């Protein structure tokens with residue numbers, strides 16, 4: 001049985017979020033939570049929230065035991081880009097793109 005959780009429009013770059021999500025893919029839920037607790041960056045805190053939501057969905061909606069869950073799928077997709085412009089040198093227009101991301105996590109029970 002599977003349960004999933006999705007967080008959309010998070011203000012973290014997809015490249016930085018993928019570095020964290022790659023560490024937990026395929027691990028058991030307790031190992032993944034330990035990894036995310038010890039990684040000190042914003043994307044780890046956001047990923048931990050999504051993982052906790054997926055665990056709660058599995059336990060409450062599907063009746064699964066938390067000890068038998070593992071991270072079946074963990075994916076980070078690019079969200080909309082907020083484009084910000086500013087005046088640059090020599091009368092040019094510079095830009096800074098604030099990238100967002102969508103984090104998808106699927107947990108399942110081991111057979």
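The values are calculated or read from the model by the stated rules, or taken from the named source; none is laboratory data. Predicted, not measured: the structure shown is a model, and the values here were computed from it. Methodologically, a virtual Cβ is constructed for each residue, glycine included, from the backbone with ideal geometry; neighbour enumeration extends over all protein chains shown.
Looking at the stretch 30-43, which of its residues are surrounded by fewer than 21 Cβ atoms within 10 Å (Cβ to Cβ) and either part of a helix (DSSP H, G or I) or modelled with pLDDT under 95 (or both)?
30, 31, 33, 34, 35, 37, 38, 42
Just one of 78, 17, 7 is closer than 13 Å to residue 106 by Cα and touching a residue at least 60 places away in the same chain (Cβ under 8 Å); which is it?
That would be 7, the only listed residue that is closer than 13 Å to residue 106 by Cα and touching a residue at least 60 places away in the same chain (Cβ under 8 Å).
Can we say residue 51 is under 11 Å from the mean Cα position of the chain (by Cα), buried (at least 17 other Cβ atoms within 10 Å of the Cβ), touching a residue at least 40 places away in the same chain (Cβ under 8 Å) and in a helix (DSSP H, G or I)?
Here the answer is yes, as residue 51 does meet what is asked.
Kindly indicate the residue of the stretch 8-22 that is crowded, with 17+ Cβ neighbours inside 10 Å and in contact with a helix residue (DSSP H, G or I) (Cβ under 7 Å, 6 or more places away or on another chain) and also nearest to residue 65 (Cα to Cα) among those meeting that condition.
That would be 21.
Of the residues that make up the stretch 61-73, is at least one buried (at least 19 other Cβ atoms within 10 Å of the Cβ) and farther than 21 Å from residue 110 by Cα?
Checked the stretch 61-73: no residue is buried (at least 19 other Cβ atoms within 10 Å of the Cβ) and farther than 21 Å from residue 110 by Cα.
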